[in-house]
């Protein structure tokens, strides 16, 4: 989980040839040392390969890169198998469906 005082943006790292995508952004309030509330943003930072994608439009990026983002969100097969074994097949199906909704496939958007 990453944290920032400013609203997170998609960033490109030329050194690593990666794009850092902030997912699951949540605004939180925390008290500072003087008991004043400060706003922070907590999020998961997902890394995908940079293939020259646009990074200025968050929603468009999500639509254009849904397959890579889903792959990260699903996790490895061990994680998925653990969900099936410990929580049941229906819970795993719901887990997968929630990811498909979050990173929806849009046929009309071109890369």
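Where a number appears in this text, it was derived from the coordinates with a stated rule and is not lab data. These numbers come from a predicted model, not from an experiment. Ideal geometry is used to build each Cβ from the backbone, glycine not excepted, and the neighbour counts take in all protein chains shown.
Quick notes
- Relative contact order for segment 1-51: 44 percent, from Cα pairs under 8 Å spaced at least 6 residues apart, divided by residue count.
- Ascending count of other beta-carbon atoms within 10 Å, so fewest first, for 6, 49: 6, 49
- Gyration tensor verdict on segment 48-111 (Cα atoms; rounded if a/c is under 1.5, prolate if a/b is larger than b/c, oblate otherwise): prolate
- Cα-based shape type of segment 1-51, given that a ≥ b ≥ c are square roots of the gyration tensor eigenvalues and the cut on a/c is 1.5: prolate
- Listed from fewest to most Cβ neighbours within 10 Å, the set 59, 35 follows the order 35, 59.
- Fewest-first ranking of 77, 92, using other Cβ atoms within 10 Å as the exposure measure: 77, 92
- Which labelled figure in [x] 36, 30, 24; [y] 49, 38, 27; [z] 38, 34, 21 is Cα extents along the principal axes in Å, once derived from the coordinates: [y]
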